[in-house]
Amino acid sequence: MTATTTSPAASVGEVPSFDVTLRFRRFDPDAANPEPFWQEFTVTAHGTDRVLDAMHKVKWELDGTLTFRRSCAHGICGSDAMRINGRNRLACKTLLKDLDLSKPIVIEPIKGLPVVKDLVVDMEPFFASYREVMPFLIAQGNTPSKERRQSPEDRARYDDTTKCILCAACTTSCPVFWTDGQYFGPAAIVNAHRFIFDSRDEGAAQRLEVLNDKEGVWRCRTTFNCTDACPRGIEVTKAIAEVKRAMITRAF
Amino acid sequence: MPEAPAGTLYRGREGMWSWVAHRVTGFLIFFFLLVHVLDTSLVRVSPEAYNAVIGTYKNPIMGLGEAGLVAAVVFHALNGVRIILVDFWAKGVRYQRVMLWVVVGVFVVLMAGFLPVHLSHVFGGE
């Protein structure tokens, strides 16, 4: 830092701190009158903080009953997907400095799944769809005695969809999923894509059969909300379009 | 501070709002077609009844409705082509936003050609 030579007493590289207001949509199933309600908290945060840090501060210092999920807190486990200022984001990957702090940051549970408490939703319908596309390698024949070889080109074919962390940000950003919970949803299709386009996998026909359902890929209305919501930058709508095209080209 | 417990609207981007517009225009066109089939089938009842019904359409409110109908059909048709390209053209997904602005541009050009002519018929008399 060049500043140290001119003003050695100044605290070098001090991170600015400021007050942020968080506005939560809360729900307590054990309350006398279980109705969702809004509640605001103001905490002091640092310029390097993420939304999750501010939420921790609320939970640890102001109100321990605020309920949300998080595990790794570094964008890998996919536990803390929530609706931040109207868009699905991971709280641990959203920096406060990227948000408009002149207004309260609005935090709501992801949409379309039953709310258990505050920001915690029941993920079971989401994982049920995930299991239905058989997210595992299907290969015939004997157990191989050496690894299944794959060229870099074949690996690159489905590279994008291997990045999914199953946070449900995409599925719960989908207007079709909000109104029709039977729809498989973007995440299940992304994970089917990961195997359908894997040259070592032999279950593509079965998976396409599953997704050719009334509630399958054809429900996709290409709103691109999922692509925008994905914290891993997966081009979700593109993957769904590729599955749609595979269904047509492989059928004939 | 328990306030109105409504959730906020999801803040989707161009893709979501074009889908909303597509659905709204689709609904409008559907209801037009419903009425259209009914009034046209009146010809089979009697040509006089048909003429009487069609005659009631000749007023400024229906004229504006017709302008809205044309706008709905034009947008729905153009955006429909965009959706087909998004689904079945390999590069469609990448250019979806560009294609939406093309749709809006062509829509504006077509409506700019149509509206002055139509509105002068509606409000200018024969």
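Each reported figure results from applying straightforward, stated rules to the coordinates on display, with no laboratory input. Nothing here was measured: the structure is a model prediction, and the numbers come from that model. No Cβ is skipped: glycine too gets one built from the backbone with ideal geometry, and neighbour counts run over all protein chains shown.
Here the contact order of region B:16-124, divided by its residue count and restricted to Cα pairs under 8 Å and six or more residues apart, works out to 31 percent.
Secondary structure note: in the protein assembly as shown, about 85% of the DSSP beta bridges are antiparallel. A Förster radius of 56 Å combined with the Cβ-Cβ distance from A:His74 to B:Leu64 puts the calculated FRET efficiency at roughly 0.50. The calculated FRET efficiency for B:Trp17 paired with B:Ser46, based on their beta-carbon distance and R0 = 35 Å, is about 0.15. For chain A, taking a cut-off of 4.7 Å between Cβ atoms, the unpaired cysteines are A:Cys92, A:Cys164, A:Cys167, A:Cys174, A:Cys220, A:Cys230. GNM remark for chain A: springs join alpha carbons under 10 Å apart, and the peak mean-square fluctuation among A:Ala31, A:Ala229, A:Ala187 falls on A:Ala31.
Computed from the Kirkwood radius of its Cα pairs, the Stokes-Einstein diffusion coefficient for region A:1-121 at 10 °C and 1.306 mPa s stands at 102 µm²/s. Take the Cβ atoms of B:Phe107 and A:Gln206, set R0 to 30 Å, and the FRET efficiency comes out at 0.10.
With helices as the sole contributors, chain A gives -7500 deg cm²/dmol at 222 nm; each DSSP H run of n ≥ 4 counts as -39500 (n - 2.57), and the sum is divided by every residue.
One decimal place: the segment A:Leu101-A:Ser145 gains 10.0 nm when fully extended, by the rule 0.36 nm per residue minus the C-alpha distance.
The GNM of chain A, with springs linking C-alpha atoms under 10 angstrom apart, assigns the highest mean-square fluctuation among A:Phe195, A:Phe184, A:Phe18 to A:Phe18. Based on the convex hull around the alpha carbon atoms, chain B presents an average projected area of 12.9 nm². The sum of -39500 (n - 2.57) across all DSSP H runs of n ≥ 4, divided by the residue count of chain B, sets its helix-only mean residue ellipticity at 222 nm to -28000 deg cm²/dmol. Relative contact order for region A:1-135: 25 percent, from Cα pairs under 8 Å spaced at least 6 residues apart, divided by residue count. Largest mean-square fluctuation among A:Leu208, A:Leu101, A:Leu113, in a Gaussian network model of chain A whose springs join Cα atoms under 10 Å apart, belongs to A:Leu101.
Rg/Rh, computed from the Cα trace of the protein assembly as shown with Rh as the Kirkwood radius, has the value 1.08.
Under the membrane-span-like helix rule (DSSP H runs whose alpha carbons stretch at least 27 Å along the helix axis, mean Kyte-Doolittle hydropathy 1.0 or higher), chain B yields B:14-45, B:60-88, B:96-124.
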